[in-house]
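Colleague: Below you will find the structure I want to go over with you.
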Amino acid sequence: MRFSSAVGNAFRKAPTERFSVTRHWTSLLRLDLAFFFGFCIQFNILLGGGGERASATGGYGYRLMDFVCLGVVGLLGFYSLAPRRILPLILYGLIIGVLFVPSSFSPDPRTAILAYHYILYSFSALYIVAILDDNRALESFCWGLIIGLLATVPIFVLQDSAYSSKLIEWGLTPGYTQVFASNDVGFLRYSGLSGHPNEAGHVAALSAAAGAYFGVVRRRILPVVLVSAGLLAIFYYTRSRGGLIAGGAILILPFLVSRGRISLLRFAVMLAVLVVTLIVLSQVDFIASRFGADANAANNMSDRLDSILSGLQVMFSNPLGMPILEFISYVAAGSGGVESPHNGFIFLGGVFGLPTLCIFLISCAVNLRARTETDIFFALLTLQVTISLLFEQLPESYSYALAVCLIGARAFMRTPLGKNLKLHVPHRSVNWT
């Protein structure tokens, strides 16, 4: 009897153990996917179909993130087989279709290719946001952003050496990359994996949300230090003032927040520290040369203001959007030759239309309300992206296109219908004590 009872218990335990093992491996795969996804946002190398030819036909080549997102969309299909998830996915698909499908039929290849990317990134972002509702996966994603940032630093080092041509052969630097030289100050500006130094600086700043998350929620200083060091190193090669400001503004938040609120005492102390730091940094040549000794700084501000005003006029004159080439042509005509509006919100509304811009602004407002740890990360990411978009035409960057889609997907999942897409995992609320 004892033998038969033991055999019976073994058979009863077997399905439970198999389920436990399967669940364990599924959890590990999600953690790995979250890390790899965050890593690819920073280390988004070129994989075939690139070079000058891709740029000439309106695209920027196939990036590592494109293939990752294709795989993630496949996972979203399996994930959405549950009956309660089908209706939210259909609604989400209709919203994405209305926002981006018309632009995908644009006769301008550059506009159409960018619209294809937004459609792909929107659906992949939905699955990634569902994974990041698990706090462990969120930490893994943040570490992916930080490690990816540090992994890009050697690219800039090599680009400033005799191996710059090899980087193009290896796909670590696109063939259409731009290197700028300043005649006034005498430094070179490199773009790394991106096509422009300013874009590279702002892409690096995306990792500031990860560093600030660990500082605010986990009280860890090491991630903040790592991101700060990475941003300074990349600023040395890109001289992107906007990227450094956008990243630094987020990294300072962990030192200001105490128990969920901004402490006046901490604010006063950090203000004093900031003043001293600025005085010290002003003595560092590569920082002073970009912020203080740049003879074009005054004209740069005037040109940016003219381009912003021109972009606003074009955007409101064409509320349903227009092809990128026409948009930059009209902006240049109204700003004395400056093609970029130097503002991501204006670019988003000018190309994809005011409805797309309005929905993105609503998504940003929704994500700024933080109740859980995941909410805090997306609030920090939203703040960082908002600051960056105030400086540059970044929605055209694939990394920022993905960031925009992540913000939109997170806002959708916070709606009553979108909550059905969330994973059922243990969720920790914010503990500020």
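Throughout, read-outs are computed from the coordinates displayed, never taken from laboratory work. All figures in this text were calculated on a predicted structure; none of them were measured in a lab. Using ideal geometry, Cβ is built from the backbone for each residue, glycine included, and neighbour counts are taken over all protein chains shown.
Colleague: Would you kindly give the portion of the calculated P(r) for the range 111-259 that falls above 22 Å, as a percent of all Cα pairs?
Modeller: On the way: 5379 of 11026 pairs.
Beyond 22 Å sits 49 percent of the P(r) for the range 111-259.
Colleague: Express in nm, to one decimal, how much length is gained between ILE95 and LEU309 on full extension, taking 0.36 nm for each residue of separation and deducting their alpha carbon distance. Provide the component values of the computation, followed by the final result.
Modeller: On the way: separation 214, 0.36 × 214 = 77.04 nm, distance 2.95 nm.
Value of the extension gain: 74.1 nm.
Colleague: Okay, moving on. Which net charge results when you count Lys and Arg as +1 and Asp and Glu as -1 among the other residues whose beta-carbon is under 13 Å from that of ALA332? Don't skip to the answer; put the middle values down first.
Modeller: On the way: positive: none; negative: ASP303, ASP306, GLU326, GLU339.
Taking every other residue near ALA332 into account, the sum is -4.
Colleague: Another question, then. From the backbone phi of the range 118-131, what are the Karplus-calculated ³J(HN,Hα) couplings (6.51 cos²θ - 1.76 cosθ + 1.60, θ = phi - 60°) in whole Hz, Gly and Pro given as x?
Modeller: Working through the residues one at a time gives 5, 5, 4, 5, 5, 6, 5, 5, 4, 6, 5, 5, 4, 5 Hz.
Colleague: From the C-alpha coordinates alone, can you work out the Kirkwood hydrodynamic radius of the range 308-421, in Å?
Modeller: On the way: mean 1/r = 0.0685 Å⁻¹.
Result for the range 308-421 stands at 14.6 Å.
Colleague: Local charge sum around ARG369 (other residues, Cβ-Cβ under 14 Å, Lys/Arg +1, Asp/Glu -1)? Before the final figure, lay out each step's value.
Modeller: On the way: positive: ARG371, ARG410, ARG414; negative: GLU373, ASP375.
In short, +1.
Colleague: Right, next: Taking 0.36 nm per residue of separation and subtracting the Cα-Cα distance, what length does fully extending THR372 through ARG218 add? Don't jump to the answer; show the numbers that get you there.
Modeller: Numbers: separation 154, 0.36 × 154 = 55.44 nm, distance 1.29 nm.
Extra length available between THR372 and ARG218 comes to 54.2 nm.
Colleague: Let me ask something else. Given H placed 1.01 Å from N in the peptide plane, which residues other than close sequence neighbours of ASN343 have an amide H under 5 Å from its amide H?
Modeller: Close amide H contacts, sequence-distant or interchain: GLN393.
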